[in-house]
Amino acid sequence: MTAIDFFSYGAAICMIFGYVPQALTTIRTRDTDGIAMTTFVMMGLGSAFFVVLGFLTHVWALWVTNIITLVCSVIIFGIKIYNDHFSSKAKSKKRQKNK
């Protein structure tokens with residue numbers, strides 16, 4: 001195993017174990033209040049670019065890892081959008097009732 005292999009696998013493991021628990025927690029709890037939208041959009045875009053880079057350079061660990069992290073980002077982003085949309089509707093209805 002070369003140093004490049006070692007660091008590639010290390011990075012892949014860290015990225016997956018960094019994203020998957022957050023995605024699973026978000027799916028289970030539906031709580032997205034503490035999630036910064038800009039952060040997940042930028043990290044998702046970064047993962048998308050790394051997927052393309054992995055395909056172009058034929059580095060399978062790069063594209064496999066980033067497909068997993070991109071899917072996690074999309075799931076979290078979707079739940080965040082859903083929560084924010086319905087949260088704003090609920091606040092709007094509450095204001096209308098109080099008038």
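Name the pairs whose Cβ atoms lie under 7 Å apart, with the first residue in region 55-73 and part of a helix (DSSP H, G or I), the second open to solvent by less than 10 Å² (accessible area, probe 1.4 Å) and aliphatic (A, V, I, L, M), and 6 or more positions between them or separate chains?
CYS72/ALA23
From the list TYR19, TYR82, pick out the single residue that is of a type in the set (Phe, Trp, Tyr), at pLDDT 85 or above and open to solvent by less than 60 Å² (accessible area, probe 1.4 Å).
Result of the check over TYR19, TYR82: TYR19.
If the Cβ limit is 8 Å and pairs must be 6+ apart or interchain, which residue in region 7-20 that is of a type in the set (Lys, Arg) pairs with which residue that is at pLDDT 90 or above and surrounded by 13 or more Cβ atoms within 10 Å (Cβ to Cβ)?
Pairs found: none.
Could you say whether any residue in region 23-30 is open to solvent by less than 70 Å² (accessible area, probe 1.4 Å) and within 22 Å of TYR9 (Cβ to Cβ)?
Among the residues of region 23-30, at least one is open to solvent by less than 70 Å² (accessible area, probe 1.4 Å) and within 22 Å of TYR9 (Cβ to Cβ), which makes the answer yes.
The values are calculated or read from the model by the stated rules, or taken from the named source; none is laboratory data. Owing to the predicted nature of the structure, the values given are computational and were not obtained by experimental measurement. No Cβ is skipped: glycine too gets one built from the backbone with ideal geometry, and neighbour counts run over all protein chains shown. To get the accessible areas, we keep the full protein, side chains included, count just its heavy atoms, and leave off ligands, DNA and RNA. Shrake-Rupley method; radii C 1.70, N 1.55, O 1.52, S 1.80 Å.
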